[in-house]
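Beneath this line is the structure, given in structure tokens, with notes to follow.
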Amino acid sequence: LRVILEYNACKGGVDAMDKMVWEYSCCRNTKRWPLLLFMNMLDVAAVNAFVVFVTKLPSFYGNKNHRKRLFLKDLGMRLVRPNIECRTSENFSGMQKNIQRCILMVLGEDHVLKNTRNEETSSKKRGRCALCIPRGDKKYPTKCDHCQKFVCPQHCTSAKTYSCLQCTNQE
């Protein structure tokens, strides 16, 4: 009986945590218990992060009633944004149109278009060989892997790994 009374006196913290987790939860209905455990840990970590954040910066979101929602939305965006940026840099034009629209909404059109333009121009650039005598207007797409200078087939050591003769001699 004494153990039960002691437990009942101390269980208020667990109830308060469950109430705070239940308010904004990322849990979904699933039959896989590892996923449920992960989502519950994510919820508890988010609540703990919010408590620490409010303790350190109590007036950051002002006196708004939905401070926790704003914090969790910001936290989620900060966790997801690097992954979205990585996906857009790899193959944005090959994605489905609805995914492209969602990414444009999240990252902003300027960010995505800037990255895809830089990628297109850097892959299509051609230049004169850095080791040839400047005659004519021949341009080559191959670059030395070490010094990043354009090289022609005559000044390239192998067809698979592009290395100019200067870099090969330095090694």
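A compact table of results
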item: Radius 13 Å from Cβ of Lys68, net charge of other residues (Lys, Arg +1; Asp, Glu -1); result: +2
item: Neighbour-count order for Cys86, Cys132, fewest beta carbons within 10 angstrom listed first; result: Cys86, Cys132
item: Radius 13 Å from Cβ of Cys132, net charge of other residues (Lys, Arg +1; Asp, Glu -1); result: +4
item: Radius of gyration and Dmax over the Cα atoms of the stretch 125-171, both given in Å; result: 9.9, 31
item: Two-site label geometry, Gln166 and Asn48: point separation in nm, points 7 Å out along Cα→Cβ; result: 5.5
item: Placed amide H near Gly127: partners under 5 Å, 5+ positions off or other chain; result: Tyr140
item: ³J(HN,Hα) computed for each position of the stretch 13-24 - Karplus, 6.51 cos²θ - 1.76 cosθ + 1.60, integer Hz, glycine/proline x; result: x, 5, 5, 5, 5, 4, 5, 5, 5, 5, 4, 10
item: Inter-probe distance in nm under a simple model that places probes 7 Å from Cα toward Cβ, at Asn63 and Arg32; result: 4.6
item: Exposure proxy ranking, count of Cβ atoms within 10 Å, fewest first, for Ser163, Ser25; result: Ser25, Ser163
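Bear in mind these aren't lab numbers, they're just calculated from the coordinates by the rules spelled out. What you see is a predicted model; the values in this text were computed from it and never measured. FYI the Cβ positions are ideal-geometry reconstructions off the backbone, even for glycines, and counts take in every protein chain you see.
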